Amino acid sequence: MKPIRIAQIGMCRYIHGPQVFEALVNHPECFDVAGYALVENERSTCAHRMKCFEGHNELSLEAILNDPSIEAVTVETDEIHLTKYAKMAVDAGKHVFMDKPGSPSFPAFERLIESVKKSGKVFQTGYMYRYNSLVSRAVEDVKNGAFGTVYCTEAHMSRYESSEKRRWLADFKGGMMFYLGCHLIDLVLQIQGIPERVIPCHTSTGIDGVESEDMTLAILQYPHGVSIIRVAAVEVGGFARRQLVICGSKRTLEIKPLEVIAPVRNTVSTFQTERSFNEQGQDKREVFTDCEAFERYGVMLQAFAKYVRGEAENPYTPDYELELFRLILRCCGADPENEEEK
């Protein structure tokens, strides 16, 4: 099948713009890369991240939006601009892959989703655990009833960031919860649905004099229990301790760390305990300690290509994306329903 002609809008200081563009280039069976456009003074702010564009055409934003041969775009600006450029692309009739989670304005995101619905175009967001085989299998098992009643999900996702990057977190209410916690909120929403109550507990550690919310916690109350999302920007060894724990009346599952990024092959310490007794009368426990390295962006964008070609249907609907974004803002301590129009 003919590759999808695609271009990238934007580069970001801290999210995954280079990796997304490289994934497009590395999958010529899926994509014909027309080029890229820089916006919002990115030639200056993102000068250190431009190597991935070498040998490719630099285009204007207008050239991308007005070229009918360009069927799709990836939007990889800083978070503060994501929603604006995604809406421009949708309104221009493009299929859109947008990095997560969008700009922090709920009314603006709501307008984007309205445009997506009217256009009928594919809209995919870059939540990276959606295409992780271990995680997606666990979510499917929850939906199939294998866990029984799920009463608790615990999700951790931390890093040790530079003081410069932690200052940047002040651009967003909720800081680290907005920046990385959104990935975990996506998982909890899939596993347990909309919570009855959200209790955000965010603070600044003050390390290196940084005052942004770099230590964040959200508690989500459900009819059958309480779930916890913890995200920090000052945790030494935080990446290796990223984990997902799902506790149900029939089964407990832990995945730690949440992924092993390609090209490295390594172990993931995963255990699953079920309420089926072994010969000693103890809960049956299975431990899995090996996992294929996960090509985070290639898998994600190959799925995008299938959605655009009509070979598969995106399971994450525009309505789901809107509900997720609303929950992300609640976990960050914002009130999306009473936010002023921006």
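The values are calculated or read from the model by the stated rules, or taken from the named source; none is laboratory data. In this text, all values refer to a predicted model and were calculated from it rather than measured experimentally. Here the Cβ is made from the backbone with ideal geometry for all residues, glycine too, and neighbour counts use every protein chain on show. For the accessible areas, the whole protein counts, side chains as well, though only heavy atoms, and no ligand, DNA or RNA atoms are used. Shrake-Rupley method; radii C 1.70, N 1.55, O 1.52, S 1.80 Å.
Less than 5 angstrom separates the built amide H of Phe147 from none of the residues sequence-distant by 5 or more or on a different chain. Report the residues of region 8-23 in range of a label on Glu54: point 7 Å along Cα→C-beta, backbone N strictly under 19 Å from it. Once the point is set 7 Å along Cα→Cβ of Glu54, 11-12, 17-23 turn out to lie under 19 Å by backbone N, inside region 8-23. For region 169-217, the pair-distance distribution built from all alpha carbon pairs, in bins 10 Å wide starting at 0, is 26, 47, 22, 5 percent. Restricting region 1-72 to GluC sites (Glu not before Pro) that sit in a DSSP loop and have at most 16 other Cβ atoms within 10 Å of their own Cβ leaves Glu29, Glu54. In summary, the convex hull built on the alpha carbon positions of the chain has an orientation-averaged projected area of 18.4 nm².
Could you work out what % of the accessible surface of region 136-230 is carbon and sulfur, using a 1.4 angstrom probe and leaving DNA, RNA and ligands out of the count?
On region 136-230, the fraction of accessible area on carbon and sulfur atoms equals 46 percent.
Applying 1/(1 + (r/R0)^6) with R0 = 41 Å to the Cβ-Cβ distance of Glu29 and Glu196 gives a FRET efficiency near 0.35.
Is region 70-206 rounded, prolate or oblate when judged by the Cα gyration tensor, a ≥ b ≥ c being the square roots of its eigenvalues, rounded requiring a/c under 1.5 and prolate requiring a/b larger than b/c? The shape class here is oblate.
Entry note: region 135-176 has Rg to Rh equal to 1.25, where both radii use alpha-carbon atoms and Rh is the Kirkwood radius. Which of Lys2/Lys51; Lys94/Lys117; Lys256/Lys306; Lys100/Lys121 have a Cα-Cα distance over 22 Å? Distance filter (> 22 Å) returns Lys2/Lys51; Lys256/Lys306. Solvent-accessible area per residue in the chain equals 43 Å², computed with a 1.4 angstrom probe and all protein chains kept. Per-residue 3J(HN,Hα) values for region 195-200, derived from phi via the Karplus relation 6.51 cos²θ - 1.76 cosθ + 1.60 with θ = phi - 60°, read x, 6, 8, 10, 10, x Hz in sequence order (x marks Gly and Pro).
When only the heavy atoms of the protein chains count and the probe is 1.4 Å, how do Leu329, Leu65 rank by accessible area, highest first?
Leu65, Leu329
Going by the alpha-carbon gyration tensor, a ≥ b ≥ c the square roots of its eigenvalues, is region 295-338 rounded (a/c under 1.5) or, if a/c is not under 1.5, prolate (a/b greater than b/c) versus oblate?
oblate
Maximal additional length on extending the Ser163-Ile219 stretch stands at 17.5 nm, based on 0.36 nm per residue less the C-alpha distance.
Dipole magnitude for region 77-170: computed about the Cα centre from +1 point charges on Lys and Arg Cβ and -1 point charges on Asp and Glu Cβ, it is near 260 debye.
Comparing Arg197, Arg130, Arg230 in a Gaussian network model of the chain (Cα springs below 10 Å), the most mobile by mean-square fluctuation is Arg197. 3J(HN,Hα) couplings calculated from phi for region 230-240 with the Karplus curve 6.51 cos²θ - 1.76 cosθ + 1.60 (θ = phi - 60°) are, in sequence order, 10, 9, 10, 10, 10, 9, 5, x, x, 4, 5 Hz; Gly and Pro show x.
Bridge orientation summary for the chain: considering DSSP beta bridges with both residues in this region, about 65 percent are antiparallel. Cβ-Cβ distance of Thr205 and Ser69, R₀ of 41 Å, FRET efficiency by 1/(1 + (r/R0)^6): the value works out to about 0.25. Counting only lysines at least 8 places from Lys250 when in the same chain, those with an alpha carbon closer than 16 Å to its own are Lys143, Lys284.
Under 1.5 on a/c is rounded, so check that first for region 1-125, then, if it is not, pick prolate when a/b is larger than b/c and oblate when it is not; a ≥ b ≥ c are the square roots of the alpha carbon gyration tensor eigenvalues. Cα axes put region 1-125 in the oblate bin. Note on Glu114 and Val299: their simple-model spin labels are 3.7 nm apart, each label 7 Å out from Cα toward Cβ.
Positive-end ranking of His183, Gly17, Thr252 along the dipole of the chain, with charges on Cβ about the Cα centre, is headed by Thr252. Simple spin-label estimate for Ala240 and Lys306 gives 3.4 nm between the two label positions (7 Å along the Cα-to-Cβ direction from each Cα).
In region 17-124, the portion of solvent-accessible area held by carbon and sulfur atoms comes to 49 percent [1.4 Å probe, whole percent, DNA, RNA and ligands not counted].
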